[in-house]
Amino acid sequence: MLEQDSLTVLQHALQQLDAGFTTLPAVSTDNTATAQQMQPILAAVAGRMQDNCPYFHPLYAGQMLKPPHPVARAAYALATWINPNNHALDGGRASSRMEMEAVQALAAMFGWKQHLGHLTSGGTFANLEALWIAGQLTGKKKIIASDQAHYTHSRISAVLGLPFASVTSDAQGRMDPNALETLLQAGDIGTVVVTLGATATGAVDPLPRILELQQQYGFRIHVDAAYGGYFVLAGNLAPHTRAAFDAIHRADSIVVDPHKHGLQPYGCGCILFRDPTVGRFYKHDSPYTYFSSEELHLGEISLECSRAGASAVALWATQQLLPYSRDGQFAQGLQQGRAAALELHRRLQQESRFLTAFAPELDIVLWAMRGSSVAESSQRAQAVFQQAAAQDLHLALAQLPVRYFPAGTWPQASAAGHVTCLRSVLMKPEHLQWIDAIWQRLQKAALAVT
Ligand SMILES: *Cc1c(COP(=O)(O)O)cnc(C)c1O
C-alpha cells in the first residue's frame, strides 16, 4: 500500500550529494551499533503510526489531508542530511535560492511579476504576517472576515491587538457583500479578509464585488487562499468561482498552503505581498547571522527565524515534476477532485434521505441527513459518520447554519441554529475513480441508521 520506489531514487541522490564533500577528511562513526539500536525503535514507531486513519488511501475522504508526492518526500529527506536553515544564507545558501524560485512560481501562478514573499510553517503564520503588515499600514482600523473564514483570523487579530469583526455569509456560504457594505459605512474598516475556499465548505467569497467596494470605501484586501489557492489553475470552475480567482492578482496579499493542495509534507505555507516595499516593516539587524552575503537573507523578510530549508527543497522539486500550468498534470489532479465532488453531490441530491445545501465550489461536499428535527438530523449524521468508518470510509463532520438549507427543511428549527452535517473533502485525484466505492459504502452506512 505505501509507496517505496522513491527509496531507491533517494539512495542514488544521497550518494550524489555525498560526492560533493569528498575533499573533507573522513569522520569515523560506528554506524552498525546505531543501526542495531535504531531498528527496534523504528519498529515501535511503525507500530505506533498504525494508529492513524489511512490518509493516503482514497477511502479516506474526510478532512483536508492529501498525501505528499513521493518526489517531495524524497527531496525533503535528502535535504535533511544537510539540514539547511533558510533563516540566513549562512545556514542554507542553495535551499534559500530554491525557496525564492519556488515562491516566485507561486506568485507567477497568481499573475504577479513582482512580489515579496516567503515560505512559512503553515497558513496560520502566513496569515499572521499578512494581518501584521495590514495593521502596520492601516493603524488600529478593523479587520473583517466572513463568518465562514478560518477561525485563525479572529485569534490572530487578538494576538496583534487589532479589532476584529465578522460579516455574515449568504445562503451559498460566501461573504455577503451587502452586509459588508453596511459595515464599511462606519468608516473604521482597514482590511477585509477574502476567503477563496472556506475551510468547512469550500465556498469562494465574491472578490470582484469586494474589489468594487474597495474603489468606493478604500481598504486593504487580504486573500486567504490557504486551501483554495491552487484552484486558480483548474479549468472546470463555475463562472462565479472563476471570476473570483481571475481577480486574485488585485489583492494586496495572498496566503496559500503548499501543504494542503500542493503535495507537500506539513510545514509549508506561503505569504505573498503584491507591493515588495512592505519589506521595510521587517527590517532588523541580526547580531548573529547576516554576514556571509550582501544578498537578501530570507530571515530579513520573515517573522519566523529558523525555517526548514528542506520544505523549500521539497516544494522546488515537486514544481520541477509538476509545474503550475493550467493544462498540466497538476491542474488535472485538481480538476479530478472537483469532478468527484460534483458527482457525489449529484448522487446525494437524488436520494431523499440526504439533504444538500449548495453545490460544491471546489472539491468539498456537504450534506445533512434528513430528519424530523435538527437534533434528529444531527444525530443521524454522527451515526453515519461512525457506520461509514466501520466500513473503512472515513468522512468528516461540520456544524453548518440551518439557513444554508431550504426554508421549512426542519419546521421547528430556529433560523439562527446549526445542524451537524457530513463533510467530504475529495482532494486526491484518485477520488474520481473511487466514487462508486465511496457511494456504495455511504449508502450502506445511511441505510443502517435510517
Ligand atoms: C488551513 C487553513 C488555514 C490555517 O492554515 P494552517 O496551515 O492549518 O496553519 C487558514 N485559512 C484557511 C482558509 C485554511 O483552509
Dipole of segment 329-449, Cα-centred, from +1 at each Lys and Arg C-beta and -1 at each Asp and Glu C-beta, to the nearest 20 debye?
200 debye
Assuming 0.692 mPa s and 37 °C, estimate D for the chain with Stokes-Einstein, Rh taken as the Kirkwood radius over Cα pairs, in µm²/s.
139 µm²/s
Interchain or sequence-distant (5+) residues whose placed amide H lies within less than 5 Å of the amide H of Leu397 are Arg423
Going from the alpha-carbon gyration tensor of segment 232-386, what semi-axes, largest first and in whole Å, does one get by taking the root of 5 times each eigenvalue?
42, 19, 16
Gain on full stretching of the segment that runs from Ser325 to Arg93 - 0.36 nm per residue minus C-alpha separation
80.7 nm
Give me the percent relative contact order of segment 329-449, please, defined on Cα pairs under 8 angstrom at least 6 residues apart.
33 percent
Residues with amide H under 5 Å from that of Arg220, placed H, sequence gap 5 or more
Thr191, Val192
Based solely on C-alpha atoms, express the radius of gyration and the Dmax of segment 329-449 in angstrom.
14.2, 49
With a 10 Å radius around each residue's Cβ, average the other Cβ atoms per peptide and rank 286-293, 141-148, 439-446, highest first.
141-148, 439-446, 286-293
In sequence order, what are the phi-derived ³J(HN,Hα) couplings for segment 186-196 according to the Karplus relation 6.51 cos²θ - 1.76 cosθ + 1.60 with θ = phi - 60°, rounded to whole Hz, with x for glycine and proline?
5, x, 10, 9, x, 9, 10, 8, 9, 9, 9
Could you list which residues have their amide H under 5 Å from that of Val167, counting only those 5 or more apart in sequence or on another chain, with H placed in the peptide plane?
Ala145, Ser146, Asp147
Could you give me the ³J(HN,Hα) list for segment 302-317, computed from phi with Karplus coefficients 6.51, -1.76, 1.60 and θ = phi - 60°, whole Hz, x at Gly and Pro?
9, 7, 6, 8, 5, 9, 5, x, 4, 4, 5, 4, 5, 5, 4, 4
With each run of n ≥ 4 DSSP H residues scored as -39500 (n - 2.57), what mean residue ellipticity at 222 nm is computed for the chain after dividing by its residue count and rounding to the nearest 500 deg cm²/dmol?
-12500 deg cm²/dmol
What relative contact order, as a whole-number percentage, does the chain give when Cα pairs under 8 Å and 6 or more residues apart are counted?
20 percent
Whole-Hz ³J(HN,Hα) for each residue in segment 377-383, computed from phi via Karplus 6.51 cos²θ - 1.76 cosθ + 1.60 with θ = phi - 60°, x for glycine and proline: what do you get?
4, 5, 4, 5, 4, 4, 5
Quick check for me: using +1 on Lys/Arg Cβ and -1 on Asp/Glu Cβ, what's the dipole size of the chain about its Cα centre, in debye to the nearest 20?
920 debye
Please work out how many pairs of lysine residues in the chain are eight or more positions apart (or on different chains) and have Cα atoms closer than 27 angstrom.
10
Order of 118-130, 185-197 by packing, highest average Cβ count within 10 Å first?
118-130, 185-197
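FYI, it's all coordinate maths here, none of it is from the lab. Just so you know, these numbers come straight off a predicted model, no measurement behind them. For neighbour counting, all protein chains shown are included, and Cβ atoms are generated from backbone atoms with ideal geometry for every residue, glycine included.
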